[in-house]
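Colleague: Sharing a structure below in structure tokens format, with a few things to ask.
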Amino acid sequence: MDPTFKTIVDGELVELPATIATIRAELPADQAEQFDAEVQHAGADRLPMVLAQWALRGTGADEEDQELFRRLEAGEDVGAVEADDDAARGAA
């Protein structure tokens, strides 16, 4: 069984392809060429991010992220905590 990425999109757990071959197989032909070019030139440190971005295409995750960023920019409290906050570390 091929490895998968697991993430939440629109409140639902989704599993996405997580190998170069399985991600490429899910893409339309015109996007597969772009994918090949980007993967071939991605530095080793960026390759996991490039694969995740391509796997997430078409899931609605980008739109969901953009909406969250819009809300944050508008100053809305979205329940986020500072990374060094005691709550973020699980301290009581």
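Colleague: Pick from the range 1-27 the residues that are under 13 Å from the mean Cα position of the chain (by Cα) and without any contact (Cβ under 8 Å) to a residue 12 or more places away in the chain: which of them is nearest to Asp65 (Cα to Cα)?
Modeller: Ile8
Colleague: Can you tell which of Val9, Val50, Val39, Val81 is at pLDDT below 85, of a type in the set (Val, Ile, Thr) and in contact with a helix residue (DSSP H, G or I) (Cβ under 8 Å, 6 or more places away or on another chain)?
Modeller: Val81
The values are calculated or read from the model by the stated rules, or taken from the named source; none is laboratory data. Just so it is clear, the model here is predicted, and its values are computed rather than measured. So basically every Cβ, Gly included, is an ideal-geometry build from the backbone, and we count neighbours across all protein chains shown.
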